[in-house]
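Presented below is the structure to which this report refers.
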Amino acid sequence: MEGFQFIDIIILAMVAGFVVLRLRNTLGRRTGLDPREPQSGNTPDAFGGTERPANDRPDNVVTLPGARRPRDAADIEPMYQGTPLEAGLVQIKLADPNFSPSRFLEGAGKAFEMIVAAFAKHDTDTLKPLLSADVFSRFAAAIQDREERGETMDTELVVLKPPRLESVEMQDTRAIVAVRFQSEQVNIVKDRDGKVIEGDRNNVESVTDIWTFSRDTASRDPNWALIATHSVE
């Protein structure tokens, strides 16, 4: 009888060992995060990093709204990113996705040459579509004054440096861009007898102008108009 009890004990021990082994394989070994032990405060996350507990995060970290760049800022040419011009360029880009600062400056340079030449030649037909009504009226008045005095003007652009953006902004749907032009010019004014009364062919002037162009981005007309000019002494 005692022999049978001894066998029963052995069988029960084997069953208990088998159950423990199965539980060990199923639940795994200790990872050092046993809740019965004190923890350091940083717990590994699923990707191998560490996640700071909510009550241990610094309270001086604030996410500022709008701190990220506008989505379209990535489309702005790198030389303008992080400059005072970026905000205005982003606004124009949002209103007109086809706008490109480099292409605009290329066109502005050509417009500068055309307008300077047309003004000297009294060519109001070329000037009119390139200028706003106000600027055209002033240019036309100056041309008329010269013609009434019998004067002629001869302008030669010796050097035109690459134009640069001076300022950029949006006013409602209107894009307004100011451009700095630096050039070397020879300007001659003659009277009705062909005598030089102003300027010197041997004198090359360094001229800096700020010209402001505008375009309504809500319009299908892609052309920009010159709306203001002033010279920098």
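Legend: ranking of residues 176, 210 from fewest to most surrounding C-beta atoms inside 10 Å; resulting order 210, 176. By the beta-carbon count within 10 Å of each Cβ, the least crowded to most crowded order of 216, 200, fewest first, is 200, 216.
Relative contact order for the stretch 72-232: what percent, with Cα pairs under 8 Å and sequence separation of 6 or more? It rounds to 20 percent for the stretch 72-232. Each 10 Å bin from 0 upward holds the following percent of the Cα-Cα pairs of the stretch 72-232: 10, 35, 32, 16, 7, 1.
Counted by neighbouring Cβ atoms within 10 Å, the residues 219, 100 run from fewest to most as 219, 100. Using the structure shown, select from 93/128; 161/195; 121/190 the pairs with a Cα to Cα distance greater than 23 angstrom. Violating the 23 Å Cα-Cα cut-off are 93/128; 161/195. For the stretch 144-233, the convex hull drawn through the C-alpha positions has a volume of 131 cubic angstrom per residue.
Bear in mind that the values in this text are calculations on the coordinates, not laboratory data. Nothing here was measured: the structure is a model prediction, and the numbers come from that model. Heads up, the Cβs are rebuilt from the backbone with ideal geometry, glycines too, and the neighbour counts pull from every protein chain shown.
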